[in-house]
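Read through the structure below, which is laid out as structure tokens, and then see the notes.
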Amino acid sequence: MKIKKYLVKNIDEAITRIKKDLGKDAYILSQEKVVKRGALNLGNVEMIEVTAAVDDVRPRQEDISASLLNRKYNYVNPPKDDAPDLSGFKNELQPLTREMAEIKTLLRKSTTGLDGYNDFKGIYLELFLDLVDNGVERKLAARFIDTLQYQVDADAEQAADHEVVRKKLFNLLVASISAPAPLRLEKGKRKIVIIVGSTGSGKTTTIAKLSSYFKLMEAKKLALLSIDSYRIGAEAHLRTYAEILDIPFYPINNGRDLRLTIDKLKDFELLFIDTTGRSPNDKEGLLIMEKHLAGVPTAEREVYLILSAPTRSEDLYLIYEKYSIFKPDKLIFSKIDESAALGNLFNLKMKTDIPMAYFTTGQKVPEDIEIAYPRKLARRIFLENKGDNT
């Protein structure tokens, strides 16, 4: 990422200079008023210090898949054979509904502390270290191994079979994660999906993937709205996808503009709102965005917080805490293809009851997105690196 600061008289001057220096894909990270001494030290002059950045790796035209480009304007309902197979969705829920309450009870009763792993021996120590190596916090990993021992020790035959113990831990991890909650539409009810998240988390591309699916595969009437005024080329990026999909696009300037546009789109089934990527430390910016979104009807809105998988656990906690002012209904974990282990996502998930909706796995639109099945996350934090295909 390339970052540059500008000292300007007004924001328009900043945008002009940023476009010239960093290009249309740049975005504003922060702006603050500063006071400088005037010429010959005569009086003070109020200026604005603007920090802008541009990602070194940008989405390319080839990331918009050929299949999507070829299907432009062809959004009739597909044959059944082409529809996505969601049969596994119910199968995912069966072990969860059976074991969730028991697992959570056992975890709450666990007495193992931060240093409790010193008591683990043999296969239990090995499994504890596996979890920690894949990013699971030590205290959380210790709680799971403690619970595992409680379950296995009652059966000496199970305890002797290390493969059985390993798979039992995998099932324990799966059962501890709430069932996935992908976007569902109800007939006759409009839904307004708001995507929030910090700078570079992948909001715009994720909206493109979801809108592609609901337009091309489910033939829904939808529109894209963008209030991302800080990223210089954000509107152009989303507008391109809207043109490919032949759906309306509306740039939004403020809360009043957003309310008027939403009112105008009453006969639409689905609206996606792309928001400004803000640093979690930009309290003022987050409050301004919250104010802009206040006019979205509560009964129709659904807020998705998108979090980037390569982010450290500490930073994920900070982002989640600061973005909680938007009262997110669901989580999307992006860029999981860029992270070797997903223990950090598991750490965050165990701190909140907010369900996961999707994982994104690359830049290609619309393919690189999938329902956030618990087994997928559990496999990536534990078994996948062991070559297990459970």
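The values are calculated or read from the model by the stated rules, or taken from the named source; none is laboratory data. Predicted model, so just to flag it, every value in this text is computed and none were measured. Neighbour counts run over all protein chains shown; Cβ positions are idealised from the backbone, glycine included.
Numbers for the structure displayed
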read-out	value
Set 275, 261: member being under 20 Å from the mean Cα position of the chain (by Cα) and either over 22 Å from residue 22 (Cβ atoms) or of a type in the set (Ser, Thr, Tyr) (or both)	275
Of all residues making up segment 162-219, the number that are surrounded by 16 or more Cβ atoms within 10 Å (Cβ to Cβ), among the β-branched types (Val, Ile, Thr) and over 30 Å from residue 283 (Cβ atoms)	3
Answer residue from segment 13-52, given it is assigned to a loop (DSSP other than H, G, I, E, B) and of a type in the set (Gly, Ala, Ser) and is modelled with the highest pLDDT among those	23
Top-ranked residue of segment 281-322 - restricted to ones that are surrounded by fewer than 19 Cβ atoms within 10 Å (Cβ to Cβ), in contact with an Asp or Glu (Cβ under 8 Å, 6 or more places away or on another chain) and outside any helix (DSSP H, G or I), ranked as modelled with the highest pLDDT	302
So residue 182, is it more than 20 Å from the chain's Cα centre (by Cα) and touching a residue at least 24 places away in the same chain (Cβ under 8 Å)	no
Segments classed as strands (runs of 3 or more DSSP E), wholly inside segment 165-255, with at least 3 members that are within 26 Å of residue 354 (Cβ to Cβ)	191-196, 222-226
Cross-chain or 6+ apart pairs with Cβ under 7 Å, segment 334-352 first and hydroxyl-bearing (Ser, Thr, Tyr), then assigned to a loop (DSSP other than H, G, I, E, B) and at pLDDT 90 or above	334/309; 339/309; 339/310
Single condition residue 365 does not satisfy, out of (1) out of contact with any strand residue (DSSP E or B) (no Cβ under 6 Å at 6 or more places or on another chain); (2) buried (at least 22 other Cβ atoms within 10 Å of the Cβ); (3) at pLDDT below 85	(1)
Residue within segment 271-280 that is modelled with pLDDT of 90 or more, of a type in the set (D, E, K, R) and either touching a Lys or Arg at 6+ places or on another chain (Cβ under 8 Å) or in the same structural domain as residue 220 (by TED's automatic domain parsing) (or both) present	yes
Test: residue 132 is in contact with a Lys or Arg (Cβ under 9 Å, 6 or more places away or on another chain), under 28 Å from residue 321 (Cα atoms) and not assigned by TED's automatic domain parsing to the domain that holds residue 352	yes
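The rows are residues; the columns are (1) over 21 Å from residue 52 (Cα atoms); (2) acidic (Asp, Glu); (3) assigned by TED's automatic domain parsing to the domain that holds residue 212.
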{"site": "261", "(1), (2), (3)": "yes, no, yes"}
{"site": "282", "(1), (2), (3)": "no, yes, yes"}
{"site": "291", "(1), (2), (3)": "yes, no, yes"}
{"site": "297", "(1), (2), (3)": "yes, no, yes"}
{"site": "302", "(1), (2), (3)": "yes, yes, yes"}
{"site": "322", "(1), (2), (3)": "yes, no, yes"}
{"site": "327", "(1), (2), (3)": "yes, no, yes"}
